[in-house]
Amino acid sequence: MFDAYYKEELRKAYQKGIHWVNMHSVAKADRMEVRMDITRQIDKALLVSGNVYFTDGEKNNILVKGKAAYRAYCAFMKAHPEENTDQLIDRVGELVNLLVKIELEKIVRFCWTLKEDEYLDIEKIFSVKQYVQELMKHPVTFVIDNAVKNKKLCAIGTQKLYYSTRSGRHFHLADCPYCNGKILCADTEMGHMDRGVKPCTCVIRMRKREIEAALPKYQDAHYMTAFVDESIRLNPGCLIDDTQDNNQNLLSVILCKGKIHHEAQITKGNTVAKLICIARRTPKTTDTAVEAIGTALLKAAASGFDKHLIIYTDNAAAYGTWKKRKELQLLTESFESVKVLRIDRKNNTKADELIRKNDLMLLPRQTMDKVVRLYNTVKNF
């Protein structure tokens, strides 16, 4: 499951190693000979057929020669980068692929010794200069052993596992009643999702509890967060009254207690208000988005809140221009601080859903009276 991750991190580690080897300066007259010698070292290391079986001892010998050739290349090219050639770069790439392939086998074997919910955090290991330098000279198992002994590093990470049957459509927590008496497959959330398996309600409830627990209580009193959205949609009133515009501007606001970083943290417990309004008619959605920001400011102020307000909008133009509106500047003075932050549309789905799933209609009084009379006539027919 982690093979691609380990392979990529090994490649990155070898790239880092280039910067942490000592330079090898050579006189100009000798540079071509040194470069040819390095090329021969690399070619000898690459005299390995993928169809031939090698023992562990033979693989270690290949690693020793390959790493020596790679170190020589890095030291020489660090001092004389102008001596590099496209052909030599390609050969070095093949050499790194060979080293990674052999060492990936060693990492996988080590991982077999770990518990089911543990994994080797190789990214953390190779974030330390010492272990990258060791990798340039020693087998990766030597590096891993040293890293695991370093208690401060925590090289062995843990992952949350969920369970599903082989043909199941949902993954569950270990104590879910659905799991009783069934043969289950353990995997990470990402692993299940990649196979198209969705979370059970037990997982969804657990996430909500974790989100609520992660929100410090003091933030409820010091912060409020609003998600706002805007849209231009068909005006249902034009089907009844020909004088109405075909389109209308709508805005929505979700106001919550606390300092919220993602809409997934919105719960019934921390939601102060949800509202959708017909906004001033304009062909520009930016104007409606600014009006939505103003509505969030008014709603928060009307609730008696005067601390720190955060407003999320997915409208880039409104994010950059709302401060230019004098009326909004006056409203911000009601709070200790106001931040308007931009988010991607895909992270603002709940405010967008308020507009998409609700129809609003505003009609003149006389037209509304006609609608009521027509309704009563049909009802009594």
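The values are calculated or read from the model by the stated rules, or taken from the named source; none is laboratory data. Just so it is clear, the structure is predicted and the values come from calculations on it, not from any experiment. Quick reminder, even Gly has a Cβ in these numbers, built from the backbone with ideal geometry, and neighbours come from all protein chains shown.
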Among (1) assigned by TED's automatic domain parsing to the domain that holds Glu263; (2) of a type in the set (Phe, Trp, Tyr); (3) at pLDDT below 90, there is one condition Tyr178 misses while meeting the rest; what is its number? (1)
Residues of segment 258-274 being outside any loop (DSSP other than H, G, I, E, B) and free of Cβ contacts under 8 Å to residues at least 40 places away in the same chain, in sequence order, are Thr271, Ala273
Can Ile42 be described as modelled with pLDDT of 90 or more, surrounded by 17 or more Cβ atoms within 10 Å (Cβ to Cβ), within 19 Å of Pro139 (Cα to Cα) and not small (Gly, Ala, Ser)? yes
Take Lys350 and tell me if it is farther than 20 Å from Asn249 by Cβ, among the charged types (D, E, K, R) and assigned by TED's automatic domain parsing to the domain that holds Leu298. no
Within 30 Å of Glu123 (Cα to Cα), among the small types (Gly, Ala, Ser) and out of contact with any helix residue (DSSP H, G or I) (no Cβ under 8 Å at 6 or more places or on another chain): is that true of Ala221 in this structure? no
Residue under question is Gly304, and the condition is that it be in the same structural domain as Ala226 (by TED's automatic domain parsing), touching a residue at least 40 places away in the same chain (Cβ under 8 Å), of a type outside the set (Ser, Thr, Tyr) and exposed (fewer than 14 other Cβ atoms within 10 Å of the Cβ); does it hold? no
If you take the residues in segment 179-189 that are surrounded by 10 or more Cβ atoms within 10 Å (Cβ to Cβ) and without any contact (Cβ under 8 Å) to a residue 24 or more places away in the chain, which one is farthest from Thr158 (Cα to Cα)? Lys182
Kindly establish whether Lys44 is over 25 Å from Val132 (Cα atoms) and either without any contact (Cβ under 8 Å) to a residue 40 or more places away in the chain or over 40 Å from the mean Cα position of the chain (by Cα) (or both). no
Residue that is nearest to the chain's Cα centre (by Cα), among those in segment 233-257 that are part of a loop (DSSP other than H, G, I, E, B) and within 21 Å of Lys357 (Cα to Cα): Asn235
Failed item in (1) surrounded by fewer than 14 Cβ atoms within 10 Å (Cβ to Cβ); (2) over 17 Å from Tyr5 (Cβ atoms); (3) touching a Cys at 6+ places or on another chain (Cβ under 9 Å), with His172 passing the rest: (1)
Hey, Thr286 without any contact (Cβ under 8 Å) to a residue 60 or more places away in the chain, of a type in the set (Val, Ile, Thr) and either in a loop (DSSP other than H, G, I, E, B) or in contact with a Pro (Cβ under 7 Å, 6 or more places away or on another chain) (or both) or not: no
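Results for (1) farther than 14 Å from Asp229 by Cα; (2) at pLDDT 90 or above; (3) within 32 Å of the chain's Cα centre (by Cα), shown as yes or no for each residue.
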site: Ala273; (1), (2), (3): yes, yes, yes
site: Val290; (1), (2), (3): no, yes, yes
site: Lys299; (1), (2), (3): yes, yes, yes
site: Lys307; (1), (2), (3): yes, yes, yes
site: Asp314; (1), (2), (3): no, yes, yes
site: Lys326; (1), (2), (3): yes, no, no
site: Lys346; (1), (2), (3): no, no, yes
Strands (runs of 3 or more DSSP E) lying entirely in segment 147-188 (those with 1 or more residues that are in contact with a helix residue (DSSP H, G or I) (Cβ under 7 Å, 6 or more places away or on another chain)): 156-158, 161-164
